[in-house]
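Worksheet for the structure shown next.
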Amino acid sequence: MGLRIGALIVDSRDPGRLARFWAEALDWVISHDEDPEWVVEPPEGSREDCVVPDLLFIKVPEPKTGKNRLHFDVRPEDQAAEVARLEALGATRVEVGQGDDRAWIVMADPEGNEFCVQPAYPPHVRSEWLRRYEAYRPAGS
């Protein structure tokens, strides 16, 4: 099949601010930094390069209203440390009806776009994920 997702588009009042936030949060790079479009993508040569969709932030005049219909889930090795780091970058914890008994933490980026910080994989799952991640070789390499 020849179809793949090339980018996820995020409407934004201040695309530069969101691009800088997500580039720092994901340790990615800003590859285009001129209004009305800012692009954040995995670093060239990284395992995610040309595999994971870029993030394209597009300037729009209206503010975000309502809950996102699509959101990111991120899975760090240390959930508490990552939540603290994201808060230092400008993210906030938000309540969207998830309740207190959930393993994930719902946060919002500087413009209010919700995303979830998942707990770390259990050791047996992480070791299998890491084995597959380390074994990955792009086609033709």
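Here are some notes:
- Test: residue in segment 101-124 that is over 30 Å from Ile58 (Cβ atoms) and in contact with an Asp or Glu (Cβ under 8 Å, 6 or more places away or on another chain): yes
- Flag for Leu86 being under 17 Å from the mean Cα position of the chain (by Cα), closer than 26 Å to Trp129 by Cα, modelled with pLDDT under 95 and among the aliphatic types (A, V, I, L, M): no
- Hits in segment 103-128 - residues which are farther than 30 Å from Asp14 by Cβ and modelled with pLDDT of 85 or more: Ala103, Pro119, Ala120
- Tabulated pairs, segment 94-108, first in contact (Cβ under 8 Å) with a residue 40 or more places away in the chain, second outside any loop (DSSP other than H, G, I, E, B) and surrounded by 13 or more Cβ atoms within 10 Å (Cβ to Cβ), C-beta under 9 angstrom, 6+ apart or interchain: none
- Residue within segment 129-139 that is among the small types (Gly, Ala, Ser), at pLDDT 90 or above, open to solvent by 40 Å² or more (accessible area, probe 1.4 Å) and over 28 Å from Asp33 (Cβ atoms) present: no
The values are calculated or read from the model by the stated rules, or taken from the named source; none is laboratory data. Note that the structure is a prediction, hence the values are computed from the model and not measured. All Cβ positions, glycine included, derive from the backbone under ideal geometry; neighbour counts span all protein chains shown. Side chains are part of the model used for accessible areas, which takes the heavy atoms of the whole protein and leaves out ligands, DNA and RNA. Shrake-Rupley method; radii C 1.70, N 1.55, O 1.52, S 1.80 Å.
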